[in-house]
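Report on one structure; see the data block that follows.
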Amino acid sequence: MDTQPNSPEARDIRYNLHAYTNARRHQEAGPLIIEKGEGIYVEDNSGKRYIEAMAGLWSVAVGFSEQRLVDAATKQMSKLPYYHSFTHKSHSPLIDLAEKLVQMAPVPMSKAFFTNSGSEANDTAMKMIWYRSNALGQPQRKKIISRQRGYHGVTIASASLTGLPNNQISFDLPIANVLHTASPHYWREARPGETEEQFSTRLAEELEKLILAEGPETVAAFIGEPVMGAGGVVVPPAGYWEKIQAVLKKYDILLIADEVICGFGRTGEMFGSQTYGLQPDIMVMSKQLSSSYLPISALLINDKVFEPLADESNRIGTFGHGFTAGGHPVAAAVALENLRLIEERDLVGNAREVGAYMQQRLRELSSHELVGEVRGIGLIAAIELVADKATKAPWGQPGALGALTNGLLQQNGVISRNMGDALAFCPPLIITRAQVDEIISALKTSLDEAL
Ligand code: PLP
């Protein structure tokens, strides 16, 4: 690290409080400063190149140098750099993107609503659910069930939905009306001898017990990622979504699919809901929607949500919710062009085909002494490290995994992220087989060096 007083590193330490970072340790460790991107690669300020095996934060589908997105942004910026959608106003990118998303939805959806981040979108989903319950004359129906290890964001409501301790400890969360049920982490949480189907059945029974204990008339919705991302890339076990949805249907509980990571090809279908047969009432999307070149997120809602919401807004006089930059024209124009690219280049097909190859190559590491489980689907995967394969004892001391990802693997030219005991891989959807081989070779070397 450059420790000169006016180096970018020193100024970063001096002026930035970093997201998801130990603020004290950052003063010694310092930043990795990324200067530019090309395809699936990024380059730091010393000229060292890395494969961005997380696509940034699970988001850059088309890679880091897509000129067509730059052109789409420039064109829209010159024509209409800003407008909004409050009080009957609209603009073309907002209309085009809403139409496109409603048409792309794998289940009948009625309307799109635009926000700027996954967290804001999930906050909005929660507010829509509460508003709807009031509209239906069911003011007691406000509880939302989420899952341990689920990740839904960091605002007060979305961090409450998130089921990870670091997002709640010392933040005085979760808020009321949020309940958590078990995570579908089969490898870590199944009982000895339990099959995937049996584990899924047990989780559905536990969910039903929770609903009955709370009173079904108080439970409004269930939220879940088709595949959990930040909770450690937890792939649902056989039968899971089918059994969970049967319980929700029985008690007329809405389903919110958080597609913020899975959406737009990640699992080898356009949406994770298709891969796992989800029939959501609300879909939440962001990240790969614009490849994160600009911030934008969206909710799709069906008539079951829209109709009562429309009635309530009519009774009150307005749907009193919206963000200044929601559906920003430049971000929407970039999102539209990004979706065109995903379709034209069949990046969903690539996620399926090269994804299957990545899954197979990662599974070759299963026999490595440090590897407990390899899991994933399409172009999202994790390897969970253990100190002891038989007992599944987590590997190393707290922080050891961070040292592996931010240390060895990074030195070997690959940027990954560790989620608890799992190392995640979620590369841009444009990745090739040869580039997957590069990741595997750096990973093998790093695991051997970590022994
Ligand atoms: N939902 C999921 C599934 C996510 O993975 C994330 C972010 O990683 C969010 C919501 C929150 O999105 P944002 O960081 O844009 O607020």
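When the Cα gyration tensor is reduced to axis lengths a ≥ b ≥ c, the ratio a/c is 1.5 or higher for the chain, and with a/b not above b/c it is classed as oblate. Using +1 at the Cβ of each Lys and Arg and -1 at the Cβ of each Asp and Glu in the chain, identify which of 166, 299, 394 lies farthest towards the dipole's positive end. Value computed over the given set: 299. Under conditions of 37 °C and 0.692 mPa s, segment 313-369 yields 210 µm² s⁻¹ as its translational diffusion coefficient, taking Rh as the Kirkwood radius over Cα pairs in the Stokes-Einstein equation.
Residue exposure proxy: 131, 151, 83, ordered by other Cβ atoms within 10 angstrom of their Cβ from fewest to most, comes out as 83, 131, 151. Placing +1 on each Lys and Arg Cβ and -1 on each Asp and Glu Cβ, with no other charges, gives the chain a dipole about its Cα centre of roughly 620 debye. Per-residue ellipticity at 222 nm from helix content only, as computed over the chain with -39500 (n - 2.57) for each DSSP H run of at least four residues, stands at -11500 deg cm²/dmol. With neighbour counts taken as other beta-carbon atoms within 10 Å, the residues 415, 383, 169, 175 rank, fewest first, as 169, 175, 415, 383.
Of 290, 61, 129, which is farthest on the positive side of the dipole of the chain, counting Cα position, with +1 on Lys and Arg Cβ, -1 on Asp and Glu Cβ, and the Cα centre as origin? After comparing all options, I get 129.
Charges at C-beta only: +1 for Lys and Arg, -1 for Asp and Glu. How large is the resulting dipole of segment 102-253 about its Cα centre, in Debye rounded to 20? Don't skip to the end; give the middle numbers.
On the way: 15 positive and 15 negative charges, 58 e Å.
With Lys and Arg at +1 and Asp and Glu at -1, about 280 debye.
Think of segment 69-344 as a dipole: +1 on every Lys or Arg Cβ, -1 on every Asp or Glu Cβ, centred on the Cα centre; then among 145, 91, 186, 91 lies furthest on the positive end.
Take the Cα of residue 363, step 7 Å toward its Cβ, do the same at residue 238, and the gap between the two points is 1.4 nm.
Listed by chain and number, the lysines whose alpha-carbon sits under 29 Å from that of residue 389, ignoring those within fewer than 8 places in the same chain, are 444.
Each label was represented as a point 7 Å from its Cα along the Cα-to-Cβ direction; for residue 251 and residue 176 these points are 1.9 nm apart. The fewest-to-most ranking of 158, 292 by surrounding Cβ atoms within 10 Å reads 292, 158.
Bear in mind these aren't lab numbers, they're just calculated from the coordinates by the rules spelled out. Owing to the predicted nature of the structure, the values given are computational and were not obtained by experimental measurement. Please note: Cβ atoms are built from the backbone with ideal geometry, for glycine as well, and neighbour counts cover all protein chains shown.
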